[in-house]
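One structure is given below, encoded as structure tokens.
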Amino acid sequence: MTQTSPATSGPPAVASRRWWTLTTVALAQLMVVLDSTVVNIALPSAQADLGFSDGDRQWVVTAYSLAFGSLLLLGGRLSDLMGRKRTFVIGLVGFALASALGGAAGSFGTLVAARALQGAFGALLAPTALAVLTTTFTVPKERARAFGVFGAIAGAGGALGLLLGGVLTENADWRWNLYINVVIAVVAVVGAVLFLHTVPRQGPRPKLDVPGTVLVSAALFSLVYGFSNAEAEGWGSPLTWGFLAASGVLLVAFVAWQRRAEHALLPLSVVLDRNRGAAYLSVTIAGAGMFGIFLFVTYYLQTSLAYTPIQTGVSFLPMIGMLILAAQLSTNVFVPRFGPKVMVPFGMLLGAAGMLYLTRLGLDSTYARDVLPALMVLGFGMGSIMPASIQTATLGVDRGHAGVASAMVNTGQQVGGSIGTALLNTLAATATTGYVASHLPADARTAAEAAVHGYATAYSWGAGFFLLGAVLAVTLFRTKADTRARAEAAAARAAQADDAGAADAGEGSPAPEPVVAH
């Protein structure tokens, strides 16, 4: 199995290498998260260049999300089986090649195929990046700093994608929204070769759970496609409900199979742990709300306030700044002191407050007075939710399951984004139509007011998502005392296992990552 050097002791070179490993992993995560939004701003230019229809346009986004969402658990498991370094490099190279193919696309079909390949290699890369981080940083203070950086990127990457997409589309060409990944990937590959370590596997190689892989990949594909179809064709479409129903059936079958599979793709102990389960739910709900922020605030700034793509991207910078500030304060000060049971609900409540503030927006609103305060509150809220949730979601997982546990974080964020985008878009469209119908005759002013009314409806429901997340988080996360007691018991068991292994074999396989109480 591929591992990075333990973070417990060693010469300065090893300690320094850990932080270069963090830089490498952060670049890979940034590339994956950027791609969820960076292409969106380039779509109109790409459509004009390649000549595809409005109906086909959604497939440039959907092809990526379908491949990414449906293959995440497989990607996480492959990183456990193939080794972190090898899987990480394969993911980077594949993502770069797919991006280059998309940038050079001369037809709509080639662009969609490239986006699907990006999603597939992203599903291999994203969980591996987080697994590398999980198994590299085990000292609590260093782990907090590392996950603070990773959580900030996970939360801010979408907004950075909007900014970068606007700059590249206006000043270069839409194709550079894809080519930029090649540049990032080359730097990350060099970092992976230099700073990631390979440790020989101890013991027999586990087998891949093929039936489980097929079941969960089909289930996640059906789930993401169902919500994507709802966004495009509405909730009255039989195809929407057919895929959602199929997803439910396949997920039940997957869980039933995992209970008796000899080499389970997703050991149920990973998700049934109360703290980790709460963390996965929190990431999912935050993802639903976060994508709503980017989608509707972008619409409002560009269509209601007539901002250019670059101006729109720059408008999100204060939100990113607050998110980074909150992520560092959360991981270094607040999470160690209060734990996720306090910090995640706190962030959810801030998210709800920011969303409710956005419902005040109108055609005569201004950015400084009405948009900026809400974005700053939302940024601080997301910076409080994501690092605490991601740390907890991977805390105490055996090294052999770090990849699949990390994949669950990305799966939650991806599924949450798909659900949030589909639900909020449908609710906003319905509210817009209803507003126009009740304010006839419909002129340009009425249409503009109707759009803002639709956005306000979406913000209200987004606030509801965050409030639900606050209730679930405060209910499900364990208290600090309970977490500490379990951590001490787990550490004692790990120490006993290490002593027994050393006595029997001299030098055994790497011990499970110790559980550290928040």
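The values are calculated or read from the model by the stated rules, or taken from the named source; none is laboratory data. Note that the structure is predicted; figures quoted are calculated from it, not measured. Note: ideal-geometry Cβ built from the backbone for every residue, glycine included; neighbour counts use all protein chains shown. For the accessible areas, the whole protein counts, side chains as well, though only heavy atoms, and no ligand, DNA or RNA atoms are used. Shrake-Rupley method; radii C 1.70, N 1.55, O 1.52, S 1.80 Å.
Of the numbered criteria (1) at pLDDT below 80; (2) over 23 Å from the mean Cα position of the chain (by Cα); (3) closer than 23 Å to Ala172 by Cα, the one Leu50 fails is (1). What pairs come out if I take residues in the range 187-198 that are open to solvent by less than 80 Å² (accessible area, probe 1.4 Å) and pair them with residues that are small (Gly, Ala, Ser) whose C-beta lies under 6 Å away, six or more apart or interchain? These pairs meet every condition: Ala188/Ala28; His197/Ser5.
Hey, any hits in the range 76-97 for a residue that's of a type in the set (Gly, Ala, Ser), more than 16 Å from Asn181 (Cα to Cα) and part of a helix (DSSP H, G or I)? Checking the range 76-97: at least one residue is of a type in the set (Gly, Ala, Ser), more than 16 Å from Asn181 (Cα to Cα) and part of a helix (DSSP H, G or I). Checked against the criterion of being closer than 23 Å to Ala48 by Cβ and crowded, with 24+ Cβ neighbours inside 10 Å, the candidates Arg77, Arg115, Arg84 yield just one match: Arg115.
Remark: pairs (first residue in the range 212-223, touching a residue at least 12 places away in the same chain (Cβ under 8 Å); second residue surrounded by 19 or more Cβ atoms within 10 Å (Cβ to Cβ) and not in a helix (DSSP H, G or I); Cβ separation under 6 Å; 6+ apart in sequence or on different chains) = Gly212/Leu265; Thr213/Leu265. Of the residues in the range 104-112, not one is buried (at least 24 other Cβ atoms within 10 Å of the Cβ), of a type in the set (S, T, N, Q), assigned to a helix (DSSP H, G or I) and in contact with a helix residue (DSSP H, G or I) (Cβ under 8 Å, 6 or more places away or on another chain).
When Leu272, Leu265, Leu281 are checked against the criterion of being open to solvent by less than 40 Å² (accessible area, probe 1.4 Å) and at pLDDT below 95, Leu265 stands alone in meeting it. Of all residue pairs spaced 6 or more apart or on separate chains, those with beta-carbon atoms under 8 Å, a first member in the range 133-150 that is more than 22 Å from Gly379 (Cβ to Cβ) and a second member that is open to solvent by less than 10 Å² (accessible area, probe 1.4 Å) and aromatic (Phe, Trp, Tyr) are Leu133/Phe147; Leu133/Phe150; Phe137/Phe147; Arg143/Phe137. The helices (runs of 4 or more DSSP H) located wholly in the range 300-371 that include 2 or more residues which are modelled with pLDDT of 90 or more occupy 317-329, 340-358.
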